[in-house]
Amino acid sequence: MSHLSILFFFYLISIVTLVLSQPSPPQGILIDCGALNTSTIEGQQWVPDTDYISVGVSKAIEIPDVIPILANVRSFPLIGGGGDRKQKKFCYSIPVWRNWKYLIRTTYYYGGVNGGDFDLPPVFDQIVDGTIWTVVNTTEEYVRGLSSYYEGVFVARGRSMSVCIGVNTYTDSDPFISALEVIVLGDSLYNTTDFTKYGLSLVARNNFGYEDSIVRFPDDAFDRYWEPYGDSNPIIQSVRNVSSSDFWNLPPSNVFDTALTADEGKPMELQWPPVSLPKSLYYVALYCAGSRDSTSRSSRTFDVDVNGIKYYRKLKVTPSGVVVFATRWPLSGLTNITLTPATGSKGSPLINAGEIFSLLPLGGRTIARDVIALEGVKSSLQNPPADWNGDPCMPLGYSWTGVTCSSKRNRIRVTSLNLSNMDLSGTISPSVANLTALTKIMLANNNLTGPVPDLSSLRVLQRLHLQNNQLTGTIPSSLGAIGSLRELFIQNNLLTGQVPNNLKQKPGLSFRFSPGNNFSSASPSSRT
């Protein structure tokens, strides 16, 4: 393994006086999915999700004594029913500050809401903007009567962030979500990650040697979850005056009250995280603080190895505490951490807490001009497709219904709009003319009304199918100036006026404008 491929940093903290005031709740939005009213739970306000999503249905969990945020879910009926497995996504749109860092936590508790033959939860994807975050499979926890949560860290790339539920090929019943939290993180947290290229997806965050409930807010100012973790190694319990403010990742100070250790002079082995990992790059952080007894204060020094590879050499742990971490460490399968006392060290190796995230390469984004244009198209339709939320093109396989996009990662454009035979009503927004990479517009066999907009800016448009609607007004003569246009079908509408000569005489154009319509000088048949 090349050491050039591994970036690691070491940070030593010192003791400062702890501030014992009650912290304010984290800044962000806590959404109780499917709930009807705002509620206050453990001092924090949870809001219903109706301001952030326009699709799905609210369902109540018919299991007594569940905690409040698990009592309801937002469920997303599979389009077409009957187990239709065509990929779709259903998105929450969350207002954010561009370039701010956010913790996103999703919580799932199935509660049997799909009924019938669906005893177990569906499996589906969750997506942030144009990036597939992870597969959601809550079956194991649900069988044990538990909820499941997923946590990630992302930087906002715009003024809104979409968090989406995606139907994949394994989804056999309606996907759902119980709660969604979007919390602002401090600038210093996880600041060695290049968030222009990656997001972080939590694998494990543990408080070693601790055997009580999850440590979270108010102990953790950002309401991160530090789960208890113990194994066959001895446990140390000792209150330490360690200030979390001197760690840039700001762990709660009470995670240093317990530790896993080994007999003096002996190495300590720890299998962590407790799951087998797919081959990838990981952010790994280990937190250690020595006890305050005089015999070990100056001599607790040990090497840290991960799967036999040197992670850090001669780590000196003082009562003030240290954190050592790697920002891009390759792992695969089960992970074994070994803490080996350095020569002459009298203190036992120990570890108080740890965090591990997988590095999530970010997906591409549809260019802003096309996103804005499609939002205009959506707003002009009275019943747009249910999955017209989030990024129109990304991630791959999750483009909006009827939308086809280019495959260039750095400049993703909308190239085709095919919404024929979808029982659409409303009008054709003039903003469609801003989708300048379009080669096809297919809106036939709907109930669209209003005029045909000026599309002269669509210089590469080849096919325009508007037949069998209820469009009114005249045919824009500017269509004749589109040199690439090869098909124009507008028959069976309510159009009036005259058929522009530059269309009737345009070479290479298949032009159908009758039957139907009420042109003052229409030919008895269309020209091809």
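Looking at Val460, Tyr312, Gly166, which one has the Cα that reaches farthest to the positive end of the dipole of the chain (charges on Cβ: Lys, Arg +1; Asp, Glu -1)? Comparing the listed Cα positions along the dipole, Val460 ranks first.
Estimated purely from DSSP H runs of n ≥ 4, each contributing -39500 (n - 2.57), the mean residue ellipticity at 222 nm for the chain is -1000 deg cm²/dmol once divided by its residues.
The overall shape of the range 143-187, judged from the alpha-carbon gyration tensor, is oblate: a/c is not under 1.5, and a/b is no greater than b/c. What figure, in Å² to the nearest 10, do you get for the accessible area of Glu269 with a 1.4 Å probe and non-protein molecules left out? Glu269 exposes around 130 Å² with every protein chain in place.
Within the chain, the cysteines lacking any other cysteine Cβ closer than 4.7 Å to their own Cβ are Cys33, Cys288.
Of the accessible area of the chain, with the probe set at 1.4 angstrom, what percent is carbon plus sulfur? After summing per-atom areas, the C and S share lands at 50 percent. Checked against a 21 Å cut-off, the cross-linked pairs Lys101/Lys310; Lys314/Lys346; Lys440/Lys506; Lys101/Lys378; Lys197/Lys378; Lys197/Lys314 give Cα-Cα distances beyond that limit for Lys101/Lys310; Lys101/Lys378; Lys197/Lys378; Lys197/Lys314. Protein heavy-atom accessible surface, 1.4 Å probe, per residue over the range 87-198: 37 Å². Close amide-amide hydrogen proximity is noted between Ser320 and Gly290, each under 5 Å apart and 5 or more residues distant or on a separate chain (H modeled in the peptide plane; Pro and chain starts excluded). When a/c is below 1.5 the answer is rounded, else prolate if a/b is larger than b/c, else oblate, so apply that to the range 425-528 with a ≥ b ≥ c taken from the square roots of the Cα gyration tensor eigenvalues. Oblate, since a/c reaches 1.5 and b/c is not below a/b.
Proximity of backbone amide H atoms, modeled 1.01 Å from N, is registered between Thr134 and Gln126 at under 5 Å, excluding neighbours fewer than 5 places apart on the same chain. Taking all protein chains into account, the per residue accessible area for the range 363-433 stands at 43 Å² (1.4 Å probe). Restricting to Cα pairs below 8 Å that are 6+ residues apart, what does the relative contact order work out to for the range 292-396? Please round to a whole percent. Rounded, it is 26 percent for the range 292-396.
Selection among Ser291, Leu146, Thr192 by position relative to the dipole of the chain gives Thr192 as farthest towards the positive end (Cβ unit charges, Cα centre).
Compared with the dominant principal axis of the Cα atoms in the chain, helix 368-380 is inclined by about 60°.
For Ile428, what is the net charge nearby, where nearby means another residue's Cβ is under 13 Å from its Cβ and Lys, Arg count +1, Asp, Glu -1? Charge balance in the 13 Å sphere: 0. Placing unit charges on the Cβ atoms only, positive for Lys and Arg and negative for Asp and Glu, gives the chain a dipole magnitude near 2740 debye about its Cα centre.
Distances between placed amide hydrogens fall under 5 Å for Thr401 paired with Asp387, all partners being 5 or more residues away or on another chain. Here each label is just a point 7 Å from Cα along the line to Cβ, and for Ser510 and Asp423 those points are 2.9 nm apart.
Given R0 = 35 Å, the distance between the Cβ atoms of Glu269 and Trp248 translates into a calculated FRET efficiency of 0.75. Let me know the shape class of the range 119-209, please: from the alpha-carbon gyration tensor, a ≥ b ≥ c as square roots of the eigenvalues, rounded when a/c is under 1.5, otherwise prolate if a/b is greater than b/c, or oblate. Oblate is the answer for the range 119-209, as a/c is 1.5 or above yet b/c matches or exceeds a/b.
Taking 0.36 nm per residue of separation and subtracting the Cα-Cα distance, full extension of the segment from Arg459 to Val143 would add 108.1 nm.
The values are calculated or read from the model by the stated rules, or taken from the named source; none is laboratory data. Remember, it's a predicted structure, so these values are computed and weren't measured experimentally. Ideal geometry is used to build each Cβ from the backbone, glycine not excepted, and the neighbour counts take in all protein chains shown. Just the protein is used for accessible areas: all its heavy atoms, side chains included, with ligands, DNA and RNA removed. Shrake-Rupley method; radii C 1.70, N 1.55, O 1.52, S 1.80 Å.
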